[in-house]
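Working notes, structure below.
Every read-out reported here was derived from the displayed coordinates using simple, explicitly stated rules and does not represent laboratory data. Owing to the predicted nature of the structure, the values given are computational and were not obtained by experimental measurement. Counting neighbours? That spans all protein chains shown, and the Cβs are built from the backbone with ideal geometry, glycine included.
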Amino acid sequence: MTTTAPRDERLWSRCDGCGSLLYRKRLRRNLDVCPECGAHARLDAPERVAQLVDPDSFTPLPDRAVRVDPIGFVDAVPYPHRLAGARAGTGLDEAVLCGTACLGGHPLALAVMDFRFLGGSLGSAVGELITRTAERALADGVPLVLVTASGGARMQEGALSLMQMATVSQAVAGLREAGLLTVSVVTDPTYGGVAASFATNTDVVLAENGARLGFAGPRVIRQVTGATLPEGFQTAEYLLRHGQVDLVVPRHALRGRLAVLLAAAAAGRHAPVPRPAPPRPVAPPADPARDPWETVRTARHPGRPTTLDYLETAFDGFLELHGDRLGADCPAIVGGLARLDGQPVMVIGHQKGHTTADLVARNFGMASPAGHRKALRLMRLAARLGLPVVTLVDTPGADPGVAAEQQGQAAAIAENILALTVLPTPVVAVVTGEGGSGGALALAVADRVLMLEHAVYSVISPEGCAAILWPDGSAAPQAARALRLTGADLCRLGVVDELVPEPRPAAHADPTGAAELLRLAVAANLAPLLAVPAATLVRRRRQRFRRFGAARASVSPGLAAPVTGRTEVA
Ligand SMILES: [Zn+2]
């Protein structure tokens, strides 16, 4: 065996992840992702732009980086020398490349940071260029995508560097006010001032596989606290579990995910094409002989389709968004963008499961405060983007735990009820299984409230009611009868607008059929709402929730409503 000739560095490179020696062209064809171990090598800004946007669509912004040395900073060498070196080394004017482009045919403004240039540090010129890119997005009425890679602020520019966090955030705020989508794509590494501003205050935060993001770097944290850091600390996957990012995306899928987001945002900005509401499925009259306790048991059947089942069947193209951005991603609530009959919608629902393991992993569909806050974030995002919200309610109730109370369960539910009351976009809620108490209402203050034929919706579980009001705790079936929690009862009370039929004998026997009926019912109820101005929608929604019980029974407005333990309206 002969020794090989010295390998040309331009032809070969060594993977930082697994150490494999890789043929450079093969690596590039694989988007600089190691085919052996999947490690994502860092990309420079021009390569990133080339990978992300439609071919030949990128036009750099006309603005050039202004050379500044605002505080005359000198360390080992004067700051201008460092800048000159970075320019020579990268061929870039500054640590960001900005322009307009198309992605999947959708126009956007784009700023891509380059870590090679002084560690992607956020100096005044970088802040200025990103701000101008955001202003360009605002002027053109297009989304803004920011690809971050940065060690943080540029200390050679002192406090003026710190101020860039506010400058760029202000530009992001302008887009938020205008209902224009902002997305950050967090790449490795994103730290300090960039992490604590435009990398995380955008509408949607995507993190590339393996990217690390944090305010303080691991070395600083170790020095200050002396703590041993957890496995995978600050990696994209770790951040997803802790509710900090919407999605972790492998590089190959990044373009596709961005295209889905841009398509939804584009749909939200255009007035919906008026279309006739599809025929609504009609539930047969309720069987008066059926015991409500039977309905409770059917509503809890483990084979009953879950929110994720409906997202697979009744909706198309679900793109799940995660996290409350405050520290957790509650598995009992799922949400994200999907299409219903071609109409982009935000879907948010409780998630149970079919097996014990699923149910435990999803906390039996009982949302934590983080789940309610995730739902709130997604509702507000939908409203900003002009997309309707569809909620699927199936929960025994909100999580009744110590941690949930410490984290403000009551306030989290309260805030959702308040937010839905004034949400300036159509909202259709469907109680698909159990509509349990305040946890259910946190997703069900809607323009139209539907209920599956064999679902239940109640102020308390029959077991809970029996334990409190009956001397014998085993009176749950009696409580179920007394609580009037079936669809037929709730339609009579005006709490529910319409029942969605289920296949015989119930949804669990034919999940596909159930999904089709749900799809038709939601589409039929959503279509007329799309044409209603937001202010009118909100006014009617508030009227809808003003008319129950005592309000309905009162003789005339302004008079004291009769106070009765049970107000029934025939
Ligand atoms: Zn590798």
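Label 7 Å along Cα→Cβ of Leu11; region 18-46 residues with amide nitrogen under 15 Å? Within reach of a label on Leu11: 21-27. Calculate for the chain the 222 nm mean residue ellipticity that helices alone would give, adding -39,500 (n - 2.57) per DSSP H run of length 4 or more and normalising by residue count, nearest 500 deg cm²/dmol. That comes out to -11500 deg cm²/dmol.
As a proxy for reagent exposure, ranking His40, His322 by other Cβ atoms within 10 Å from fewest up yields His40, His322. Label-to-label distance, Ala271 versus Ala227, with points set 7 angstrom from Cα along the beta-carbon direction: 5.4 nm. Divide the volume of the convex hull around the Cα atoms of region 405-471 by the residue count and you get 102 Å³ per residue.
Size of region 201-346 from its Cα atoms: along the principal axes, largest to smallest, the extents are 70, 43, 24 Å. Here region 431-532 was treated as a single set of alpha-carbon atoms; its pair distances binned every 5 Å from 0 give 2, 13, 19, 20, 19, 14, 7, 4, 2, 1, 0 percent. Based on alpha carbons, the Rg and Dmax found for the chain are 27.2, 101 Å. Ordering 161-167, 150-156 by mean Cβ neighbour count within 10 Å, with the highest value first, yields 150-156, 161-167.
Computed from phi, the 3J(HN,Hα) profile of region 427-439 under the Karplus parametrisation 6.51, -1.76, 1.60 (θ = phi - 60°) reads 10, 10, 10, 10, 7, 9, x, 9, x, x, 6, x, x Hz, with x in place of Gly and Pro. If both residues of a DSSP beta bridge must be in the chain, then about 40% of such bridges are antiparallel.
Checking Cβ-Cβ separations below 4.7 Å across the chain identifies Cys98, Cys102, Cys330, Cys465, Cys491 as cysteines lacking any candidate disulfide partner.
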